[in-house]
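Here's the structure, in structure tokens; my notes come after.
The values are calculated or read from the model by the stated rules, or taken from the named source; none is laboratory data. Keep in mind that this is a model prediction, so the values were computed, not measured. Positions of Cβ are generated from backbone atoms using ideal geometry, with glycine treated the same way; all protein chains shown enter the neighbour counts.
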């Protein structure tokens, strides 16, 4: 009996220490509607995961611009005053924030993140309008699970793009 209790305690401790990724959450921070026809987006931050996220978003009709601006505009405000600004390449921007790496795959380059956050900003108003967050695997790991992090984030963003 004592041996069974020790094994049960060991199993409970082992299961309790398994890494857990956060579930998918989408939070609208602004009541302003997103222009659903305008799916031009620029990444405002840079991570090593940009290309995977870029490909996943492209499958849902998003166009990702490489640079926030490629043109500088000079505009005369009055007879002696001019303003210079960078023309935005997209209406919306994405900032990416990585959570903790909580597991890795021995058989692939997959990494499990506790969460992976996309913060969507309206570049005309400079207002954060939505946050999409989910944890999970970046690539398939045959022993641990499918790498659905980027497709899941892209699908959630597409579903809320209205």
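Scanning the range 117-125 turns up one or more residues that are loosely packed, with under 15 Cβ neighbours inside 10 Å and closer than 23 Å to residue 28 by Cα.
For the range 82-106, what are the residues that are assigned to a loop (DSSP other than H, G, I, E, B), crowded, with 18+ Cβ neighbours inside 10 Å and modelled with pLDDT of 90 or more? Residue satisfying the conditions is 105 alone. The residues of the range 43-54 that are over 14 Å from residue 158 (Cβ atoms) and touching a residue at least 60 places away in the same chain (Cβ under 8 Å), listed by number, are 44, 49, 52. In the range 55-78 there is no residue matching the filter, namely being under 16 Å from residue 26 (Cα atoms), surrounded by fewer than 17 Cβ atoms within 10 Å (Cβ to Cβ) and under 14 Å from the mean Cα position of the chain (by Cα).
Here residue 109 fulfils each of the conditions (1) over 23 Å from residue 47 (Cα atoms); (2) in a loop (DSSP other than H, G, I, E, B) apart from (1).
Close contacts from the range 113-140, counting a first residue that is in contact (Cβ under 8 Å) with a residue 40 or more places away in the chain and at positive phi and a second that is outside any strand (DSSP E or B) and surrounded by 22 or more Cβ atoms within 10 Å (Cβ to Cβ), with Cβ to Cβ under 6 Å and a gap of 6+ residues or different chains, come to 136/149. Any idea which residue in the range 52-74 is modelled with the lowest pLDDT, counting only those that are farther than 17 Å from residue 148 by Cβ and not in a strand (DSSP E or B)? Filtering first and then ranking leaves 68.
Among the residues of the range 112-140, those that are in a loop (DSSP other than H, G, I, E, B) and in contact with a strand residue (DSSP E or B) (Cβ under 9 Å, 6 or more places away or on another chain) comprise 123, 124, 138, 139.
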